[in-house]
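Input: a single structure, listed below in structure tokens.
Every number in this text was worked out from the coordinates using simple rules, so none of it is lab data. Here the structure is a predicted model, which means the values were calculated and not measured. Neighbour counts run over all protein chains shown; Cβ positions are idealised from the backbone, glycine included.
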Amino acid sequence: STLEQAKRFAAYRAVDENLDYQRHRVIGVGSGSTVIYVAERLGQYLLDPKFSIYASQFVCIPTGFQSKELILTNGLTLGSIEQFPTLDIVFDGADEVDVNLQLIKGGGGCLFQEKLISTSAAKFIVVADYRKRSPKYLGTNWVKGVPIEVVPSGYIRVLHDLKTKLKCKNAILRQGAPAKAGPVVTDNCNFIIDADFGEIEHPEILHQDIKMLVGVVETGLFIDNASKAYFGNPDGSVELQV
Ligand code: DER
């Protein structure tokens, strides 16, 4: 589909323009449907005689179960964040990018390890299709709310505090249905709450307010973290935001 092509073009361009294959070794691989093409591209570097001497040195760090599978199915070497606490570069998707390169992430429920990895790298490159680019504020195109990872025993308390303390319009526990009855359980054995704050003018403030609530592990607001963002268009063109 043209949407998949848009994702692929963005991912390939992002890797080709930002991966310094002679110097970068520890590479973070995000989660979601766009980063599939990042792993695909990295796998091509392995097979290309021009790059394989370097690419065989790559160690790829996952951001969850799906990410780990992407690394393995593309023949890449899997490493752990415990072994490689500092990464050279990270490629990951996003749910929405605002004009200041602030992000909403977590649509795929992997935000904790994504943020652990993206904040452990010198360069964090976002790969996305055109739908993710917000004309102004976060909460404009992505209307499903800010994903928040919470400790299961604290989810009722967090729902309450979001509404009473942070005036959140609507906050819900993310359900697994129809795939699975009951709540989504993350790779870290936590729950996800999606909290709708409408358009978010000051995501850096909202992130801190949410983070302070008892029971919150991490928020899907990625502040001053992304270095660049690549947006693929259906016509095959790619827009770069820095
Ligand atoms: O959850 C996330 O932040 C993922 O990166 C995901 O939302 C990216 O979205 P995609 O599947 O459209 O790439």
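How would you classify segment 160-237 from its alpha-carbon gyration tensor, with a ≥ b ≥ c the square roots of the eigenvalues: rounded for a/c under 1.5, else prolate if a/b is greater than b/c, otherwise oblate? Because a/c hits 1.5 or more and a/b fails to exceed b/c, segment 160-237 counts as oblate.
Straight-line cross-link partners of LYS180 among the lysines, defined as a Cα under 23 Å from its Cα and at least 8 positions apart when in the same chain: LYS68, LYS105, LYS144. The calculated P(r) of segment 138-177, using every Cα pair and 5 Å bins from 0, goes 5, 20, 29, 26, 14, 5, 0 in percent.
If you wrap a convex hull around the C-alpha atoms of the chain and split its volume per residue, what is the figure in Å³?
122 Å³
Between GLN44 and SER227, what FRET efficiency follows from the Cβ-Cβ distance if R0 is 25 Å, with the result rounded to 0.05? My answer for the efficiency is 0.65. Taking 7 Å steps out from each Cα toward its Cβ at GLN5 and GLN83 produces label points 3.9 nm apart.
Ordering LEU101, LEU159, ILE148 by the projection of their Cα atoms onto the charge dipole of segment 99-194, which places +1 on the Cβ of Lys and Arg and -1 on the Cβ of Asp and Glu, puts LEU101 at the extreme positive end. For ASP95, nonlocal amide neighbours, meaning residues 5 or more places apart or on other chains whose placed amide H falls under 5 Å from its own, are ILE104, LYS105, GLY106, GLY107.
What residue among GLY30, VAL90, GLN44 has its Cα farthest toward the positive end of the dipole of segment 16-105, where the charges are +1 on Lys, Arg and -1 on Asp, Glu, each on the Cβ? The residue sitting farthest along the positive end of the dipole is GLN44. On the beta carbon distance between ASN18 and PHE65, with R0 = 25 Å, the FRET formula returns roughly 0.45. Considering only GLY176, GLY232, GLY93, give the residue with the highest GNM mean-square fluctuation for the chain, with springs between Cα atoms whenever their separation is below 10 Å. Greatest mean-square fluctuation among the candidates belongs to GLY176. Distance between the C-alpha centres of segment 70-135 and segment 31-66: 14 Å, rounded to the whole angstrom.
Of the chain, which part is the longest with no GluC sites (Glu not before Pro) in a loop (DSSP not H, G, I, E, B) and with at most 14 other C-beta atoms within 10 angstrom?
On the way: sites that count: GLU82, GLU199, GLU201.
Excluding the exposed sites themselves, the longest stretch runs over 83-198.
Net charge around TYR137, counting only other residues with Cβ within less than 13 Å of its Cβ (Lys, Arg = +1; Asp, Glu = -1)?
Numbers: positive: ARG133, LYS136; negative: GLU96, ASP98, GLU199, GLU201, GLU204.
With Lys, Arg at +1 and Asp, Glu at -1, the neighbours total -3.
Relative contact order of the chain: what whole-number percent is it, with Cα pairs under 8 angstrom and at least 6 residues apart? Taking the mean separation of contacting Cα pairs over the length of the chain, I get 24 percent. For a test of the definition: using alpha carbon positions, the gyration tensor, and the 1.5 limit on a/c, classify segment 68-200 as rounded, prolate or oblate. Verdict is oblate for segment 68-200.
Extension gain, ALA177-LYS163: 0.36 nm per intervening residue step, less the Cα-Cα distance, totals 2.6 nm.
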